[in-house]
Amino acid sequence: MKILQMHADFIEYTPVKKEIRAAEEADSRTVREEDIVVLFTAFEAGDDAALVKQAVAEAKDFLARLGATRVMLYPFAHLSQDLAPPGDALQLLLAMEKDAAGAGLEVRRAPFGWTKALQIKVKGHPLAEMSRSYGAGAATERPQAKGRPKRELTDAEAMGRLRRSDFVGLPEGDHRTIGERLDLFSFQEVSPGMVYLHAKGLVLRNLLVDFLRGELARGGYQEVSTPTLANTALWQVSGHSAHYKDNMFLTALGDEEMGLKPMNCPSHFLIYRSRKWSFRELPVRYAAFDPLFRNELSGVSSGLFRVKSLTQDDAHVIATEEQAEGELAKMLEMMERVYGTFGLQYKVKISTRPDDSMGTNDEWERATGTLVRAVKSKGWPYEVKEKEGNFYSPKIDVDVKDSLGREWQCGTFQLDFQMPKRFKLSYTGSDGKEHTPVVLHRTILGSLERFMGVILEHYRGSLPVWLSPVQARVIPLSDEHLPYATTVLSSLVSAGVRAEGDFGSGTMGGKIRDAQLQKIPYMLVVGKKEEDSGSVAVRTRGGEQTFGVNVGDFVARLKEEVAAHR
């Protein structure tokens, strides 16, 4: 049995279609529940009533830690590839519902055997997402540092794993549908929850990184990189082992337990510790785009919104406490510029000290006060999320709103007094004595993968010119005009335009439709008239046409759009 526990601000679903004959009866009304713990559950072959009772008992303890009593059972087959027969799974689900009610929980349940349109907004505190595995699958869900699999797959079994995860029955505006249609990315069963970026998808990701690097240069950041694998002692020092180890990928190197890093901050502290610092050199601003690994909800079911391998626009500023408020103000100004570039609106939340936390009340009050003053100085309204800070710091969380009015948590800003003490960070003050700095943690886009999904849906696939993996496609009217079309394409590429040619067989109308479906901003059509005049006919993806355009003038106009981030 696989369970993903999520403490949600809300969950909303609408039954869309029966997927199996064993499906329950359900109507098509939309169900919405607020402030509830959701148990996404997959029943596996061999699961029984005893495992159900164990899962319910642990879920009850989890809810008690959160001070919650309301739970939703949500059948979610995507969590496993070794599912129990549908009839058995339904009986286990009904038994779980009965046991949970008997344990004093207020129980809601989503219908079994249906495709459902789902929205969920997860709370921001450290315990909001927890994965669990029971029964035979538990031994392989979280392997020990030592040991090998009991057997290797046969060739036939291995070939059977080399399948692509298709997105069937999703709306046209879903980023998974858009990504597949535009050939940006795919998900493969051999790497569950991890995205395969195709060539155009990697161009999009790199454009986001390049854009952010420009902001980092303006802000005085140093970009660094640290190893993906480290001894788990690193996270014992930081305190993450007690709060996050269940969501880490662990392995062994000799007799040492190692882990793939789920966050960058401990590694950045080691860089800082590699030399002595004076107060005159602070603040020190580190930024990174290293891959991170978190064993959370499968990316196949949520696409780019919830992946196990991700990249953050992560930064850590090590400063004196007196510098913290000014540094935070600069971060918020950077956030305004970045979100403004994408036309994203946003709202702000401040999360305070949770019960399970480290540090003194005075430290938390000073840190929280600094965050509040920074937000108030911008004139932003904000919501206080009581006890939803991290275990080591309060935080500002920023939800962006896309063109459809949906909200996505992206930016996070934290003022941390605890990690510098745990890692014994120091600087020499003006008095010649050693002092402990503070750390500001921040992301603006958050997970780049998730942000890609947000903007694909925000723009409905029609990315602005500066972000489009292909900015122009050259289309000759016939084979007779191929040499001139090739010359035009060469001129575009030499000028730095991301261009390609459609030089294959097919009708002109079909080629135009294909370019429009690919959301390419500009189509440059060339025939005899254009060849004779050394020009191109420019057609936009919206259908507007301009004839007799000089290639150099087109390039200049396109570069103006790119410079203006249009």
Residue match in the range 366-380 (condition: free of Cβ contacts under 8 Å to residues at least 24 places away in the same chain, outside any strand (DSSP E or B) and not small (Gly, Ala, Ser)): yes
The range 210-223, residues that are crowded, with 16+ Cβ neighbours inside 10 Å and among the aliphatic types (A, V, I, L, M): 212, 216
Residue list for the range 70-81, restricted to those being surrounded by fewer than 19 Cβ atoms within 10 Å (Cβ to Cβ) and modelled with pLDDT of 85 or more: 70
Residue 204 being in contact (Cβ under 8 Å) with a residue 12 or more places away in the chain and surrounded by 19 or more Cβ atoms within 10 Å (Cβ to Cβ): yes
Odd one out for residue 364 among (1) among the aromatic types (Phe, Trp, Tyr); (2) surrounded by fewer than 20 Cβ atoms within 10 Å (Cβ to Cβ); (3) farther than 30 Å from residue 195 by Cα: (2)
Single residue of the range 440-472 satisfying the filter (in a strand (DSSP E or B) and out of contact with any Phe, Trp or Tyr (no Cβ under 8 Å at 6 or more places or on another chain)) that is modelled with the lowest pLDDT: 447
Residue check for residue 436: surrounded by fewer than 23 Cβ atoms within 10 Å (Cβ to Cβ), among the polar types (S, T, N, Q), free of Cβ contacts under 8 Å to residues at least 40 places away in the same chain and in contact with a Ser or Thr (Cβ under 8 Å, 6 or more places away or on another chain): yes
Some residue of the range 273-285 being closer than 25 Å to residue 445 by Cβ, part of a helix (DSSP H, G or I) and within 24 Å of the chain's Cα centre (by Cα): no
Members of the range 244-271 found to be touching a helix residue (DSSP H, G or I) at 6+ places or on another chain (Cβ under 9 Å) and not basic (Lys, Arg), listed by number: 244, 248, 256, 257, 259, 262, 263, 265, 266, 267, 269, 270
Selection from the range 412-439 of residues that are in contact with a Pro (Cβ under 7 Å, 6 or more places away or on another chain) and in a loop (DSSP other than H, G, I, E, B): 425, 436, 437
Single condition residue 553 does not satisfy, out of (1) touching a Leu at 6+ places or on another chain (Cβ under 9 Å); (2) over 25 Å from residue 183 (Cβ atoms): (1)
Residue tally, condition outside any loop (DSSP other than H, G, I, E, B) and over 30 Å from residue 387 (Cβ atoms), over the range 1-29: 5
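The values are calculated or read from the model by the stated rules, or taken from the named source; none is laboratory data. Just so you know, these numbers come straight off a predicted model, no measurement behind them. No Cβ is skipped: glycine too gets one built from the backbone with ideal geometry, and neighbour counts run over all protein chains shown.
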